[in-house]
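The values are calculated or read from the model by the stated rules, or taken from the named source; none is laboratory data. Note that the structure is a prediction, hence the values are computed from the model and not measured. Every residue, glycine among them, receives a Cβ derived from its backbone with ideal geometry; neighbour counts consider all protein chains shown.
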Amino acid sequence: MQLFYNSELDSTLKTFTFSKDESRHIVKVLRKSTGDLLQITNGKGWLFEAEIVIPNHNKCVVNILNSAFKAPKSYAINLAVAPTKMNERYEWFLEKATEIGADRIIPIICQNSERKVIKTERFEKIIQSAMKQSLHSYLPELAPAISFSEFIKTPQEGLSFIAHCEAVEKLKFKDQIKPGTSITILIGPEGDFSPSEIESALKHHYIPVSLGTSRLRTETAGIVACHTIQLCNE
């Protein structure tokens, strides 16, 4: 099954017209024609089955045959991960975190961050593509980039953790996860969090945790954390 995405769809619509780019992809690339069925999500939990009635490569029109709503999870995976120096590494992280089931991704700008400017347009497209590829009906939220100092002052729902590389006593992340509970985890940049940032996180009741015995890259740590939360909730 191939899944399409459009945020404008809702359960009240009976017909829908795809954008020019999507229409071209459906008609020219996939060679879909009248009567062919498509699966579409609005990224908000709704899945629609639609039938092509006008296979025009500029304006492909479909009739909505039926729709179904998937209830959200009982928990949320919130990944506050510093942007990596190499943009493609962060793009890989976004793709894989979306496939696994992240709900919210927050780029945090830290004292040791080498990349401090974030262009979200391409990131959004990567997340949308990964959602469609993995057949999810919820689109993860990509929050605006925010400084560590600002983010740490914002209350988070559920449990909050920080994964850093300092050689101090830390708990095993997998042992701290409570199924059905929303989780926020902080992952630092290539140079790790600064001592003052770690101290600030602890003051705001973030729990220091270890993701394992290996020293992980930023993007790998984000994936490990996301997958661990997902596994503990299965």
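Pairing each residue of the stretch 169-180 that is closer than 12 Å to Gly212 by Cα with any residue that is surrounded by 11 or more Cβ atoms within 10 Å (Cβ to Cβ) and of a type outside the set (Ser, Thr, Tyr), provided the two are 6+ apart or on different chains, yields C-beta distances under 6 Å for Lys170/Pro208; Lys170/Val209; Leu171/Val209; Phe173/Val209; Phe173/Leu211. The C-beta contact set for the stretch 108-125 (first residue acidic (Asp, Glu), second residue at pLDDT below 95 and in a loop (DSSP other than H, G, I, E, B), distance under 6 angstrom, 6+ apart or interchain) comprises Glu114/Lys85.
For Ala71, state whether it is under 30 Å from Val117 (Cβ atoms), in contact (Cβ under 8 Å) with a residue 24 or more places away in the chain and either outside any strand (DSSP E or B) or in contact with a Ser or Thr (Cβ under 8 Å, 6 or more places away or on another chain) (or both). Walk me through it before giving the result.
On the way: under 30 Å from Val117 (Cβ atoms): no; in contact (Cβ under 8 Å) with a residue 24 or more places away in the chain: yes; either outside any strand (DSSP E or B) or in contact with a Ser or Thr (Cβ under 8 Å, 6 or more places away or on another chain) (or both): yes.
Taking the combined requirement at face value, the residue does not satisfy it.
Considering the stretch 5-44, and only residues there that are in a helix (DSSP H, G or I) and without any contact (Cβ under 8 Å) to a residue 12 or more places away in the chain, the residue that is farthest from the chain's Cα centre (by Cα) turns out to be Val29. Of all residues in the stretch 23-37, those satisfying the criterion of being at negative phi and either crowded, with 16+ Cβ neighbours inside 10 Å or out of contact with any strand residue (DSSP E or B) (no Cβ under 7 Å at 6 or more places or on another chain) (or both) are Ser23, Arg24, His25, Ile26, Val27, Lys28, Val29, Leu30, Lys32.
Just checking, which of Ile126, Ile108 is outside any helix (DSSP H, G or I) and touching a helix residue (DSSP H, G or I) at 6+ places or on another chain (Cβ under 6 Å)?
Values: Ile126 fails: outside any helix (DSSP H, G or I).
Step by step, each of Ile126, Ile108 is checked, and only Ile108 is outside any helix (DSSP H, G or I) and touching a helix residue (DSSP H, G or I) at 6+ places or on another chain (Cβ under 6 Å).
The residues of the stretch 69-85 that are in contact with a Leu (Cβ under 9 Å, 6 or more places away or on another chain) and surrounded by fewer than 17 Cβ atoms within 10 Å (Cβ to Cβ), listed by number, are Phe69, Lys70.
Scanning the stretch 209-233 for residues that are among the polar types (S, T, N, Q) and either in contact (Cβ under 8 Å) with a residue 24 or more places away in the chain or buried (at least 17 other Cβ atoms within 10 Å of the Cβ) (or both) yields Ser210, Thr218, Thr220, Thr228, Gln230, Asn233.
Scanning the stretch 49-68 for residues that are crowded, with 19+ Cβ neighbours inside 10 Å, without any contact (Cβ under 8 Å) to a residue 40 or more places away in the chain and in contact with a Phe, Trp or Tyr (Cβ under 8 Å, 6 or more places away or on another chain) yields a total of 1. Right, Glu95: assigned to a helix (DSSP H, G or I) and in contact with a Lys or Arg (Cβ under 9 Å, 6 or more places away or on another chain) or not? It is false that Glu95 is assigned to a helix (DSSP H, G or I) and in contact with a Lys or Arg (Cβ under 9 Å, 6 or more places away or on another chain).
Every residue, every condition in (1) closer than 27 Å to Leu3 by Cα; (2) surrounded by fewer than 20 Cβ atoms within 10 Å (Cβ to Cβ); (3) of a type outside the set (A, V, I, L, M, F, W, C), yes or no:
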position: Leu94; (1), (2), (3): yes, no, no
position: Ile118; (1), (2), (3): no, yes, no
position: Ile126; (1), (2), (3): yes, yes, no
position: Gln133; (1), (2), (3): yes, yes, yes
position: Pro155; (1), (2), (3): no, yes, yes
position: Ile187; (1), (2), (3): no, no, no
position: Pro195; (1), (2), (3): no, yes, yes
position: His204; (1), (2), (3): no, yes, yes
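Taking the stated definitions as given, is Gly191 in contact (Cβ under 8 Å) with a residue 12 or more places away in the chain and either closer than 16 Å to Thr218 by Cα or among the charged types (D, E, K, R) (or both)? So Gly191 fits the description; yes.
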